[in-house]
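All remarks here apply to the structure that follows.
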Amino acid sequence: MFFLFLLICWSSFSSDSRAADYVKLPVFRQSPFPTAREALAFDSVRLSFFSSSSSISNASASHPPPPAALSAPVVSGASSGAGQYFVDLHLGTPPQRLRLVADTGSDLVWARCSACRDCSRHPPVTAFFPRHSSSFRPYHCYHPACRLVPHPRSSSHDAAPPCRRQPLHSPCRYRYSYADRSSSAGFFSRDIATLNSTSAGFLRLHSLPFGCAFNVTSPAGSEAPRGVLGLGRGPISFPSRAARRFGDVFSYCLMDYTLSPPPTSFLLIGAAAHTTLAPKNLSFTPLLTNPLSPTFYYVRVLGVSVDSEPLRVDPSVWALDHATGIGGTVVDSGTTLSFVPEAAYREIVRAMTGRLPPAAIVRGPPEFDLCVNASAEATKRVPRLAFRLLGGTELAPPAGNYFIDAADGVRCLAMQPVSAAGPGFGVIGNLMQQGFLLVFDRRAHRLGFSRTGCTDA
């Protein structure tokens with residue numbers, strides 16, 4: 001009962017109900033892209049953290065879809081040593097431009113904050129200055145919204161700091177941890193997001209909840225993140241907040257990172273864009289929910305084939321066990337490579353090895369089990385991979401989505417087995433997603449995809 005009350009309170013927060021056209025946010029990729037070994041190292045840390053950490057509750061009330069939509073460009077965070085993608089968000093009054101990691105594997109929107117008065121020493125897009133925003137408001141620790149974020153623990157005991165029910169000196173403190181063992185801590189707050197509509201000019205999304213992070217940590221040897229746009233399924237994620245105005249649908253298309261100059265990708269949030277822009281040949285598979293990991297977008301893989309020949313893999317290895325939360329397959333924008341159950345992985349490697357000319361197979365980095373000569377002739381002979389999904393659809397990416405440059409003149413299978421020490425679930429990483437328009441239709445609990453929708457996105 002209390003959680004239902006909490007969601008009712010959350011749904012009643014300030015929102016602008018005016019109809020508007022959709023907004024298109026560009027997603028930018030920075031270079032250089034991480035090497036195959038760097039991507040695998042980052043992915044392994046991220047997924048091992050997924051398996052050992054628990055998610056905060058992400059249940060959310062449903063709302064009727066309004067006729068508006070929102071779109072933003074997406075960029076890959078390769079320069080920070082990971083295969084992430086970035087999106088620009090304008091926050092505050094007047095708007096301040098921030099570059100945030102677009103992450104379907106987390107919920108919280110947050111930005112690195114600074115209390116500076118003279119902020120000229122901060123490079124552009126790297127920090128938010130709450131002193132410079134007239135619409136910035138921190139939540140109080142006794143506000144219902146404060147119960148939707150994890151809190152820091154007291155240094156003296158394993159409990160959250162006490163909350164003093166008074167307007168002054170009672171901010172809602174949060175601490176959010178990530179799969180790469182980085183963390184964001186500060187004040188859970190709200191401010192106005194300014195979004196550029198395709199036909200209605202600038203639109204304002206009021207009271208966007210976000211973490212104003214004054215303490216950001218990262219693993220040794222890696223650059224601390226500057227902010228995250230959480231795209232997960234929880235009530236504090238950006239799509240959940242935007243759904244009340246634009247509709248509970250978002251999509252993105254991650255363009256081929258090998259092209260130079262790299263083409264711009266886009267993140268679209270809202271229903272109207274997909275009514276007008278979605279290609280007619282969009283395929284759909286159900287989005288499943290894992291009650292023990294409610295943030296993630298699960299799909300049901302039924303089988304895999306190589307060169308149109310189904311592999312002998314027991315379908316149960318792909319299944320999600322709702323009792324234990326183990327198994328299933330997650331679509332994740334923050335993981336570069338793809339991970340499949342070990343039994344399926346071994347069959348994929350065996351089938352591909354048997355179809356490749358012996359001269360095309362070469363030795364690569366020890367972390368990868370199958371590598372080929374990167375010559376054009378050898379690349380043409382790479383066997384075709386396809387995943388059969390629930391709903392009668394098939395995800396059949398081009399070879400460039402599952403073979404990655406791993407060394408000079410060497411390309412390796414960009415897949416890894418799900419090990420006992422891993423996350424317990426498979427992952428369709430962002431490399432496998434390249435060139436596909438992916439539509440996360442959260443209101444209908446389905447994922448749409450197409451290889452022909454990226455030019456319109």
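The values are calculated or read from the model by the stated rules, or taken from the named source; none is laboratory data. The structure presented is a predicted model; accordingly, all values stated were derived computationally and were not measured. We place every Cβ from the backbone using ideal geometry, glycine too, and count neighbours over all the protein chains shown. SASA here: full protein model, heavy atoms, side chains in, ligands and nucleic acids out. Shrake-Rupley method; radii C 1.70, N 1.55, O 1.52, S 1.80 Å.
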Select from region 105-124 the residues that are open to solvent by 30 Å² or more (accessible area, probe 1.4 Å) and among the hydrophobic types (A, V, I, L, M, F, W, C) and list them in ascending order.
Ala115
Pairs, first farther than 13 Å from Arg37 by Cβ in region 399-410, second of a type in the set (S, T, N, Q) and in a strand (DSSP E or B), C-beta under 8 Å, six or more apart:
Tyr402/Ser338; Gly409/Asn373
Return only the number of the condition from (1) in a loop (DSSP other than H, G, I, E, B); (2) surrounded by 22 or more Cβ atoms within 10 Å (Cβ to Cβ) that Lys280 does not satisfy.
(2)
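Per-residue answers, yes or no, for (1) open to solvent by less than 10 Å² (accessible area, probe 1.4 Å); (2) assigned to a loop (DSSP other than H, G, I, E, B); (3) of a type in the set (A, V, I, L, M); (4) over 20 Å from His206 (Cβ atoms):
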site	(1), (2), (3), (4)
Leu229	yes, no, yes, no
Gly232	yes, yes, no, yes
Pro235	yes, yes, no, no
Ala242	yes, no, yes, no
Phe250	yes, no, no, no
Met255	no, yes, yes, yes
Ser260	no, yes, no, yes
Pro263	no, yes, no, yes
Leu268	yes, no, yes, yes
Only listed residue being under 27 Å from Leu282 (Cα atoms), assigned by the TED database to the domain that holds Arg300, modelled with pLDDT of 95 or more and not hydrophobic (A, V, I, L, M, F, W, C), chosen from Gly391, Gly354, Gly426, Gly400
Gly391
Would you please list the contacts, defined by Cβ atoms under 7 Å and residues six or more apart or on different chains, that run from a residue in region 304-325 that is at positive phi to a residue that is aliphatic (A, V, I, L, M)?
Gly325/Leu292
Quick check on this structure: which one of Ala359, Ala319 is under 24 Å from the mean Cα position of the chain (by Cα) and modelled with pLDDT under 95?
Ala319
With (1) under 21 Å from Gln434 (Cα atoms); (2) assigned to a helix (DSSP H, G or I) as the list, and Ala359 as the residue in question, which single condition is left unmet?
(1)
